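Here, each number is a calculation from the coordinates, and none is a lab measurement. This structure is a prediction, so every number in the text was calculated from the model and none was measured. Ideal geometry is used to build each Cβ from the backbone, glycine not excepted, and the neighbour counts take in all protein chains shown.
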Amino acid sequence: MKKANFAVLVCLCVSLFAGREKVSFDSNWKFFRCGNMPDGTKKEEPQGLENPAYSDDNWRELSLPHDWAIEGPFRMDLPNRTGKLPYAGIGWYRKDFKLAKGDKDKQIYLMFDGAMSDTKVWVNGEYAGRWPYGYNSFYFNITEHLNYSGDNTVAVRLDNKDNSSRWYPGGGIYRHTYLIKTEPVHVDIWGTFVTTPLVQKNKAVVEVQTEINNFTGKDIKAEIIQHITAPQSGETVCSETAQITAQAEKSEKSQMSLTVTDPKLWSVDEPAIYTLITEIRHNGQTVDKYETDFGIRSVEFTADKGLLINNKPEELKGVCLHHDLGPLGAAVHKRAIERKLEILQEMGCNAIRTAHNPPSPEMLELCDEMGFLVMDEAFDCWEDGKTENDYGRFFNEWYDKDVTNLVKRDRNHPSVIFWCSGNEVKEQRQGEEGRKISRMLTELFHELDPTRPVTVGCNSWKSGFNGFQKTVDVLGFNYKPHIYEKFAKENPNMPFLSSESASCVSSRGEYFFPVKQKKDQGFFQFHVSSYDLYAPSWASKPDLEFEGQDRVPQCMGEFVWTGFDYIGEPTPYNKDKTNLLNFQSEEEKLAMQEKMESLDGKAPSRSSYFGIMDLCGFKKDRFYIYQARWRPEKPMVHILPHWNWPERVGKVTPVHIYTSGDEAELFLNGKSLGKKQKGEYQYRLVWDEVKYQAGELRAVAYKDGKKWASEVVTTTNEPAKLELEAGSKTVKADGKDLSFVKVKVTDNLGRIVPGADNQVYFEIEGPGEIAAVGNGNQTSHESFQASRRKAFNGLCLAIIRSLEGETGKIKLTAKSRNLSSDSAVITVE
């Protein structure tokens, strides 16, 4: 296919340049909720809430981002596919503000990075616009609605309907908002498009397309000056100037070409970010400056060489991520996103699929800076929806606007290497009508961005052979490693990848016996065994996906479902079904049946089991099988399960080992249980006949016959104390920065006690607050917004947020009955 070169994006940071001001609009909002209420009642929606004269004195005061649903409570009568949280309802937000005297002749835009959902906006009682899609960014020019000599009121109505999502969507204005002020002549919102059609070691050609708005009321001539500044140093490396004539009340496009000598190329290993500064001069004055961050790199998707970044092969070692941030809900917190990416990078992950919707701007900024590749996804459904009130009801009217906003916002990010038009859409099975919609979307993406390919995630194997595959540039298969060879043989010139892989399910620290290889076993008491063998009927353990890729190099890599557990969709207990027939013994079936009857037939599970990490970001065993594969150069070995099994003395307790070595030897209390070597298409080492006895398991891994790594797992003593570990010991005094404090229940020797479920109480002093708590237990209905949390298998989490403008020391203390307490100190500066 056509070689895809590129680069860039607008500066999303709050900025102030000549003629342009972008300021946060997040503070001092009032909030009111009606319709479906959190407690299950209904509240009638008053009339006239958009009117500035309406009294909102009794409304709740808050700052954005805000997710009303994460506040709970969890309710057993709500569906667990959306997390048993009350996301459905109508929310109103209002904000009063004043404008400066100098703003009178400016153009004023109100921008929303995302609001859930069906947003309608009024300014001073006048309707400003609507945007239904809850995941997209959008803006309105509100200039004509403003009062420049007094107060202004913005009113926002959101309508989250029941049955509008397959997973937890959150609710509210859950991403950031901005007020953007410009002179009448200015660069349009998302008005630059930077590409790099020529990338060589000694030079790169940078093409810049700029869209200029003219609201002066007359034709004008303007000068455009483009400066490119170097990564880190900020020194100007090249400049070009051009003249443009802009007609009154219209937009004009300028095309310019610049050459960068000895460029620093953006890559996964060295994510170098250049900045384009676009300056517009009119009547001898600078009227606008607009920043665009971008990267210089080339991208090529090929069937024979795979994915090439700067002409070098790059395997996609990716994960899918939903938008929620665990205990924090859907509300955007940049530090929480960064923490996720740091954990993934430690595992060896280099790619993110934004499942199944446009991501937050912060996600892409961090991917640019940290060196992740991104599949930027538009929709979970097209015209034929999957739930009663999902995006399908808006698709025909809004798809072109939503794709346009997505591409114009994101097309300059160096991390974004391809677009995804949809996920498991029903149209893949609908013949020519379905193919027509897919081609239409692909053409729209290409029109807006001719430099990147388009893919689609297909869960029907027939989509690779019925012509649907020809409607996109790169085909994505969901859970189809067994047909890779057939596809590669029949489509030898088409690159493809695993857009969703594995869907292995597990609960951190839970292990059930006997251990069987059947993928639909291992479910009990609303948890799933962490032997990493278990998956829904349509999915598989990680090993089978690895084998499929290794057999067919034409597959460019994978996006594992999922990097982290997420709220909702708790397969195998989704839709409140319990798969009783999967249990391994009659005794277990009867016990589960009795439990189900006491719960009126509904499972308590409220978050997923798919994650490589749990909802708090704690690593499950699966982290290490992926690290072993994705970081083969790192000496590592991991043993599972834990070794606290007093009820299993003398019983067979299988031991699995993940290692980046090629063989390992296992010892129990100093006695060798033998050495095992990986065979072809073997990704774990298994000792199936180990009989439990308390003490020490030790694994020694070898590579090329030499000792490579070792690990020890021991039987612990009883819980004795708490130990706190602050992820960030210093945070900013901006009221947004976070520190994730890990709480460990340990024995007297400091070893985490498996199975420990002690109730932990938190006390906080100083310039901070507890933003959320959690423990990774998919069945817990404890509130995320509390000052206590039970440990789950020895761990829980407290997320601490700074207070705006206050510096000093935060002291978090954790206490639990009969355990020694501990404290963590966090500096706020």
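Numbers below:
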quantity: Amide proton proximity set for M375, modelled H, under 5 Å, gap of 5+; calculated: I352, R353, T354
quantity: Two-decimal log10 I(q)/I(0) for region 675-733, as the Debye equation yields it once each C-alpha is a single scatterer, q = 0.28, 0.31 Å⁻¹; calculated: -1.30, -1.36
quantity: 222 nm mean residue ellipticity, helices alone, for the chain (DSSP H n ≥ 4; -39,500 (n - 2.57); rounded to 500); calculated: -3500 deg cm²/dmol
quantity: All-pairs alpha carbon distance profile, the chain, 10 Å steps from 0, percent; calculated: 2, 12, 21, 26, 21, 12, 4, 1, 0
quantity: Given charges at beta-carbon only (K, R positive; D, E negative), |dipole| of region 47-105 in Debye; calculated: 160
quantity: Over 28 Å (Cα to Cα) - which of K203/K305; K489/K676; K744/K811; K516/K707 fall in this group; calculated: K489/K676; K516/K707
quantity: Nearest-20 debye value, region 632-714 charge dipole, Cβ charges on Lys, Arg, Asp, Glu; calculated: 140
quantity: Cα coordinate range in region 315-598, projected on the principal axes (Å, largest first); calculated: 61, 44, 39
quantity: Distant-in-sequence amide H partners of Y531 (H built 1.01 Å from N, under 5 Å); calculated: F512
quantity: Over region 315-598, relative contact order from alpha-carbon pairs under 8 Å, at least 6 apart, %; calculated: 17
quantity: Charge dipole of region 85-125 about the Cα centre (unit charges at C-beta), most positive-ward option of A88, A115, G102; calculated: G102
quantity: Cα-based helix-to-principal-axis angle, 395-410 vs the chain, degrees rounded to 10; calculated: 90
quantity: Using a Förster distance of 30 Å, the FRET efficiency for T245-D105 (Cβ separation, nearest 0.05); calculated: 0.85
quantity: Residues of region 186-215 with amide N under 19 Å of the 7 Å Cα→Cβ point at E235; calculated: 202-204
quantity: For region 771-815, fraction of C-alpha pairs farther apart than 17 Å, in %; calculated: 39
quantity: Per-selection Kirkwood Rh - region 16-182 (Cα, Å, 1 d.p.); calculated: 16.6
quantity: C-alpha long axis of helix 361-370 to longest principal axis of the chain, angle in °; calculated: 70
quantity: Dimensionless Rg/Rh of region 632-714 - Kirkwood Rh, Rg from C-alpha atoms; calculated: 0.97
quantity: Positive dipole terminus of the chain, leading residue within S787, T245, Q200 (C-beta point charges); calculated: S787
quantity: Area projected by the alpha carbon convex hull of region 112-216, averaged over all directions, nm²; calculated: 10.7
quantity: Above-threshold pairs, the threshold being 25 Å between Cα atoms, out of K671/K703; K120/K436; K43/K426; K334/K602; K317/K620; calculated: K120/K436; K43/K426; K334/K602
quantity: Dipole magnitude (debye, nearest 20) for region 721-828, charges at Cβ of Lys, Arg, Asp, Glu; calculated: 240
quantity: Distance from region 647-684 to region 261-289 (C-alpha centre basis), Å; calculated: 54
quantity: Computed over the chain: relative contact order in percent, which uses C-alpha pairs under 8 Å that are six or more apart; calculated: 10
quantity: Extension reserve of the R648-T302 stretch, reckoned as 0.36 nm per residue once the Cα distance is removed; calculated: 119.3 nm
quantity: Per-residue HN-Hα couplings for region 743-757 [Karplus 6.51, -1.76, 1.60; θ = phi - 60°; Hz; x = Gly/Pro]; calculated: 10, 10, 8, 10, 8, 5, 9, x, 9, 4, 8, x, x, 5, 10
quantity: Listed residue (A699, M613, L373) projecting farthest to the positive dipole end of the chain, Cβ model; calculated: A699
quantity: Once the Cα gyration tensor of region 721-828 is diagonalised, semi-axes √(5λ) in Å; calculated: 24, 15, 10
quantity: FRET efficiency, T41 to S787 (Cβ-Cβ, R0 22 Å, nearest 0.05); calculated: 0.25
quantity: Amide H within-cut-off set for V185, under 5 Å, with H built and near neighbours excluded; calculated: F215
quantity: Region 787-811 and region 744-759: distance between their alpha carbon centers, rounded to Å; calculated: 19
quantity: Per-residue ³J(HN,Hα) for region 476-484, Karplus 6.51 cos²θ - 1.76 cosθ + 1.60, θ = phi - 60°, Hz, x for Gly and Pro; calculated: x, 9, 9, 6, 9, x, 6, 10, 4
quantity: Whole-angstrom gap from region 332-366 to region 99-157, using each part's C-alpha centre; calculated: 29
quantity: For region 282-422, radius of gyration divided by Kirkwood radius, i.e. Rg to Rh on alpha-carbons; calculated: 1.03
